[in-house]
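What follows is a set of notes on a single structure, which appears directly below.
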Amino acid sequence: MFTAAIAPNVYSGLAACVLFLHMLFILWVVFGALLTLSRPVLRRLHIISLVWGILTELLPWPCPLTLLENWLEAKAGVQPYQGGFLLHYLDRMVYPTISASALTVAGVLVCVLNLAVYGRRMWIGRRR
């Protein structure tokens, strides 16, 4: 077992790892279409990620990574944030004066634009 002094540091470190993973997932959702040109498996995974991103923005579904990060922070003795990952980190760091609904619309729009890129690729591929 961990001693009382070490356990919060371990949980805090794990929470930071989940935060990093969360940021990587968001970058994957936003820019993944650039990496999937001739990789059908990655393309399918990215489309699933886009649909997941849209659903978690529009529906009251909590993101599992947010839940895990909050749980780890609570175990570390840190007050976990409320709300979603995007609202907590990106809204405060990048868009401090944008409303939550505008940030949600922007996130969904990025996902829809990525799906449109895939639709265009499919349309061009079928015309050939």
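The values are calculated or read from the model by the stated rules, or taken from the named source; none is laboratory data. This is a predicted model, so every value here is computed, not measured. When we count neighbours, we look across all protein chains shown, and the Cβ atoms used for this are built from the backbone with ideal geometry, even at glycine.
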>> Take the conditions in a helix (DSSP H, G or I), modelled with pLDDT under 90 and surrounded by fewer than 19 Cβ atoms within 10 Å (Cβ to Cβ) and apply them to L42. Does it pass?
In response: no
>> Between a residue in region 6-26 that is touching a residue at least 12 places away in the same chain (Cβ under 8 Å) and any residue that is in a helix (DSSP H, G or I) and of a type in the set (D, E), which pairs come within a Cβ distance under 8 Å, given they are 6 or more apart or on different chains?
In response: Y11/E73; S12/E73; A15/E69; A15/E73; V18/E69; L19/E69; H22/E69
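For region 49-57, state whether one or more residues are under 25 Å from R121 (Cα atoms) and loosely packed, with under 11 Cβ neighbours inside 10 Å.
Applying the first criterion (under 25 Å from R121 (Cα atoms)) to region 49-57 yields 49-55.
Cutting the leftovers down to loosely packed, with under 11 Cβ neighbours inside 10 Å gives us none.
Within region 49-57, not a single residue is under 25 Å from R121 (Cα atoms) and loosely packed, with under 11 Cβ neighbours inside 10 Å.
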> Can you pull out the residues in region 16-37 that are surrounded by fewer than 14 Cβ atoms within 10 Å (Cβ to Cβ) and closer than 20 Å to V112 by Cβ?
Replying inline: L27, F31, L34, L35, L37
> Mind checking which residues of region 79-128 are surrounded by fewer than 11 Cβ atoms within 10 Å (Cβ to Cβ), at pLDDT 65 or above and under 17 Å from the mean Cα position of the chain (by Cα)?
Replying inline: Q82, S101
>> For region 27-50, which positions are touching a residue at least 24 places away in the same chain (Cβ under 8 Å) and under 13 Å from the mean Cα position of the chain (by Cα)?
In response: V29, V30, G32, H46, S49, L50
